[in-house]
Amino acid sequence: MVIRAFCLASTFVTVDTDTARTPQRFIPPTVVAHFMKRLTIIILSIFCFESCIENRIEDGWAKVRKNCSIEEYQEYLLENPNSVHLKEIIDSLRIFWEERNYKIISEGGHIDCFGNCLTLRIMKNNQIEFGNQITEKEQLEEKIKYSILNPENLPNLPEKELITILEIGNVLKSKGFIDIISEDGFDNVTYSEIIGIAKKSFWEIRNENAIAIYNKGYEKLEKQEKEIIEQIVPLNIRFERMIFKEFEEPLPPKFDN
């Protein structure tokens, strides 16, 4: 019986079990040793890279906690939706927003919680509510895009404002925000998935604007071009901005399934 196997030395080695073995039929020990050495180096490199990334993330988290800023907490959560600190981030944001909202009201201001804010609720049974109805995750991206773009200019969906950008002239920009709010008992994995879907919705809008203005996708733009698209379509996602009942915002209309 003859078995053929590919040799790491880039030649075919034939092992004939019916005849006496000869040295040339086996992978030389030096080749095996060299391969194992390279494999060890690769594994250690991957481990070191992952450790560096984890250390960088933890250093970032320590800085965010020290600064105690809503904006920095939200930015950290957007960049690290699978963070092990998810529960602490959510609890902190709830407190921060409550303090900020009370401060605004006590100073005679108003909360921008009407048609420009689109509430995306993650229920304790992991159901998702958006547009005043329970929504499947598979439908969520298109619903967010529609609501932010508001192509029919519905009065209870986000407004648009005309802005002037030196390089391209006048352009319409949505004032829309997504407020992701969770109930106690939600699943962390679901929360992370919802962040990903919301981010993707904004990225798709950016991509459509990039194609319309520059005739190429967002990822293919130069740095300055990307910055212009980001002015037109900022990543307007907020977390845990609970609004007092008397200031509860009107919800968008129901969508057809």
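Read-outs: derived from the displayed coordinates by stated rules, not from any lab. Predicted model only: the values in this text are computed from it and were never measured. Note: ideal-geometry Cβ built from the backbone for every residue, glycine included; neighbour counts use all protein chains shown.
At residue 167 and residue 230, where each label point lies 7 Å from the Cα along Cα→Cβ, what is the point-to-point distance in nanometres?
It works out to 1.2 nm between the two label points.
Need the full-extension length gain, residue 139 to residue 84, defined as separation in residues times 0.36 nm minus the C-alpha distance. One decimal, nm.
Details: separation 55, 0.36 × 55 = 19.80 nm, distance 2.76 nm.
So the extension gain works out to 17.0 nm.
Would you mind checking which residues have amide H under 5 Å from residue 181's amide H? H placed 1.01 Å from N; only 5 or more apart, or other chain.
120, 121, 122, 240
To make sure I understand, if each residue's beta carbon is the centre and we count other beta carbons within 10 Å, what order do 173, 143 fall in, fewest to most?
Numbers: 173 16, 143 21.
So the ranking, lowest neighbour count to highest, is 173, 143.
Just to check I understand the Karplus step: with θ = phi - 60° and J = 6.51 cos²θ - 1.76 cosθ + 1.60, what whole-Hz values come out for region 119-135, glycine and proline as x?
In residue order, the calculated couplings are 8, 10, 9, 9, 7, 5, 8, 6, 6, 10, 10, 8, x, 6, 7, 5, 10 Hz.
Can you tell me the FRET efficiency between residue 211 and residue 36 if r is taken as the Cβ-Cβ distance and R0 is 45 Å, rounded to the nearest 0.05?
0.35
Rounded, prolate or oblate for region 68-247? Axes are the square roots of the Cα gyration tensor eigenvalues, ordered a ≥ b ≥ c, and the cut-off for rounded is a/c under 1.5.
Here region 68-247 falls in the prolate category.
Taking 23 Å as the cut-off for C-alpha to C-alpha distance, list the pairs among 145/173; 66/173; 173/226; 160/226; 199/226 that go past it.
66/173
In sequence order, what are the phi-derived ³J(HN,Hα) couplings for region 225-241 according to the Karplus relation 6.51 cos²θ - 1.76 cosθ + 1.60 with θ = phi - 60°, rounded to whole Hz, with x for glycine and proline?
Running phi through 6.51 cos²θ - 1.76 cosθ + 1.60 with θ = phi - 60° gives 5, 4, 4, 5, 4, 5, 5, 6, 10, x, 7, 8, 10, 10, 10, 6, 8 Hz.
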